[in-house]
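We did not get these values from a lab; they are worked out from the coordinates using the rules stated. The structure presented is a predicted model; accordingly, all values stated were derived computationally and were not measured. Note that we place each Cβ from the backbone using ideal geometry, even for glycine, and neighbour counts take in every protein chain shown.
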Amino acid sequence: MYGRKFFIEANAGILSYDKYVYNPNNYDEKESEVGFGLGAAIGYKYVNTSNWVGSLYLGAGKTFGDYEIGYPHLGVNIGKGF
């Protein structure tokens, strides 16, 4: 198998983050939150004749809930098909 292709993917993520809440008593309260997000990415995949696979992708996503933030989604994959 040999080939090169562009691809589009959908992704889902679960993430945790610290949320700081202002308190008028001169200190901040830290709350740990868990969020869920959805996103999309576009990438390029290459497979050579020895069945080695490599891909690069770049995308973005957005969390849902009380504290909505955007997050990057990027990566490099290298592997061997069998």
Whole-number D in µm²/s for the chain (Stokes-Einstein; Kirkwood sum over Cα pairs; 37 °C, 0.692 mPa s)
213 µm²/s
Ranked list, fewest to most other Cβ atoms within 10 Å of each Cβ, for 71, 22
22, 71
Once the in-chain neighbours fewer than 8 apart are removed, the lysines whose Cα is under 19 Å from residue 19 read 30, 62
Just to be sure I understand the model, the point goes 7 Å from the Cα along the line to the Cβ. What's the resulting residue 77 to residue 32 distance in nm?
3.0 nm
Using the Karplus curve 6.51 cos²θ - 1.76 cosθ + 1.60 with θ = phi - 60°, what ³J(HN,Hα) values do you get for each residue of region 8-15, in whole Hz, with x for Gly and Pro?
10, 9, 9, 9, 10, x, 10, 9
Anchor residue 45: aspartates and glutamates whose Cα lies under 18 Å away (excluding residues fewer than 8 positions away in-chain)
9
